[in-house]
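Since the structure comes first, as structure tokens, the remarks are kept for the end.
Every number in this text was worked out from the coordinates using simple rules, so none of it is lab data. Computed from a predicted model, the values in this text were never measured in an experiment. Cβ coordinates were reconstructed from backbone atoms using ideal geometry, including for glycine residues, and neighbour counts include every protein chain displayed.
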Amino acid sequence: MKEVYFSIKEAAEILGVSALTLRNWDKSGKFKANRHPMNNYRVYKLSALEHIIEDIESGTSKSNAEKKMRRLLIRHEE
């Protein structure tokens, strides 16, 4: 079975984030993109998009996109 690929714009729409966010995730290693062999553009496999959506919806951190969550502690000075 052939794998289906999406452009960065299409993947951003599917995930509900901006293309810049996907570029940042790729650069930081949180959600790596594949590269088109002819033009080196970022492309995303359907299976990878489904996996990241599943992880986000279930609240797990199984994928690279959510390896570590940090919590910001805010203290109020009185």
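Ranked by how many other Cβ atoms sit within 10 Å of their own Cβ, fewest first, the residues Leu46, Leu15 fall in the order Leu46, Leu15. Sorting Glu10, Glu50 from the fewest to the most surrounding beta carbons within 10 angstrom yields Glu50, Glu10. Each Cα pair under 8 Å and six or more residues apart adds its separation to the average, and for the range 5-66 the resulting relative contact order is 34 percent. Model label points for Met1 and Ile53, set 7 angstrom from Cα along the Cα-to-Cβ axis, are 1.5 nm apart. Ranking of Lys27, Lys45 by neighbouring Cβ atoms within 10 Å, starting from the fewest: Lys27, Lys45.
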